[in-house]
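Asks: Structure provided below as structure tokens; questions to follow.
The values are calculated or read from the model by the stated rules, or taken from the named source; none is laboratory data. These numbers come from a predicted model, not from an experiment. Every residue, glycine as well, gets a Cβ built from its backbone with ideal geometry; the counts of neighbours run over all protein chains shown. Side chains are part of the model used for accessible areas, which takes the heavy atoms of the whole protein and leaves out ligands, DNA and RNA. Shrake-Rupley method; radii C 1.70, N 1.55, O 1.52, S 1.80 Å.
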Amino acid sequence: MNAKVLIVEDEEALALLLQYNLEAEGFAVTISQRGDEAEVAIGEDPPDLIILDWMLPGLSGIELCRRLRSGKTARSIPILLLTARGEEADRIRGLTVGADDYVVKPFSVPELLARVKAILRRAAPERISQTLEVEDIELDRETYRVSRSGREVRLGPTEFKLLEFLMESPGRVFSRTQLLDGVWGRDVYVDERTVDVHIGRLRKAINRGKEKDPIRTVRGAGYALGEKFPGQSLSE
């Protein structure tokens, strides 16, 4: 069964953009445009994860988050708070009331998708597929094994995480900064050139002979795994 995601967002264009991209990744998505309506919907059919805007009609996202965390039936549902408020005090407030992650507008859709998957891996790992397949490459999260056309590929831990991150969004172009955040984490300082080094190691491990290189270098943008995909980044 696909993981259920509830988007609570009153900007219709943004809500539809998120719905489109989440459904493309296999999630079952519903949308609510009001905080009070979302509270009722969550009580009737609890989702696996909530993407929650801070500013909402009816009931603010921050208040809804506080209520969910103080209740019984939905207190364990992961919440990703989505807001234009980027000050440190606002981030602290959002996390203090119980949000599991905090994304500031404008944001990158691929990065948000990666954060959604990361939260679900921690909170509900059984809802995320253990096996990823892109073209002739297969990655097993449970056994930490990678194969290409049946041939075993031996990877170091960082190369494995890098490949896993790329395979979660095949065809999407990730900047070096997005790869650093998604693979190494925001709390670890690593130079962007480190990404190039590990991409090189990954390529060396997965490519043999005349095999096609599945990793695309997009000049001035970053890297992608697989064929071109019309990914989008939100800029406003």
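Asks: If you go through the stretch 7-24 one residue at a time, how many are farther than 13 Å from V109 by Cα and open to solvent by less than 10 Å² (accessible area, probe 1.4 Å)?
Replies: So the count comes out to 3.
Asks: Name the residue that is farthest from D45 (Cα to Cα), counting only residues in the stretch 56-104 that are at pLDDT 85 or above and polar (S, T, N, Q).
Replies: S60
Asks: Got a sec? Which of V146, V109, V116 is touching a residue at least 60 places away in the same chain (Cβ under 8 Å), more than 30 Å from R67 (Cα to Cα) and in contact with a Leu (Cβ under 7 Å, 6 or more places away or on another chain)?
Replies: Going through V146, V109, V116 in turn, the sole match is V146.
Asks: Residues in the stretch 94-105: is at least one within 20 Å of the chain's Cα centre (by Cα) and of a type in the set (D, E)?
Replies: Step one: list which residues in the stretch 94-105 are within 20 Å of the chain's Cα centre (by Cα), which gives 94-95, 98-105.
Next, only the ones that are of a type in the set (D, E) stay: 100-101.
There is at least one residue in the stretch 94-105 that is within 20 Å of the chain's Cα centre (by Cα) and of a type in the set (D, E).
Asks: May I pose another question? For the list (1) on the phi > 0 side of the Ramachandran plot; (2) in contact (Cβ under 8 Å) with a residue 40 or more places away in the chain; (3) not acidic (D, E), I need the number of the one condition that G58 fails.
Replies: (2)
Asks: Tally the residues that are farther than 19 Å from D101 by Cα and among the aliphatic types (A, V, I, L, M), restricting the search to the stretch 10-28.
Replies: Selection size over the stretch 10-28: 5.
Asks: Go through the stretch 185-219 and report how many residues are modelled with pLDDT under 85 and closer than 18 Å to L166 by Cβ.
Replies: Going through the stretch 185-219 one residue at a time, the tally reaches 3.
Asks: Of all residues being more than 15 Å from D36 (Cβ to Cβ) and under 22 Å from the mean Cα position of the chain (by Cα) in the stretch 58-81, which is most open to solvent (accessible area, probe 1.4 Å)? Just the residue, please.
Replies: Keep residues of the stretch 58-81 that are more than 15 Å from D36 (Cβ to Cβ), which gives 69-70, 72-73, 75-81.
Among the residues that remain, those that are also under 22 Å from the mean Cα position of the chain (by Cα) are: 75-81.
Values: R75: 128, S76: 99, I77: 12, P78: 9, I79: 0, L80: 0, L81: 0 Å².
Checked the stretch 58-81; the qualifying residue most open to solvent (accessible area, probe 1.4 Å) is R75.
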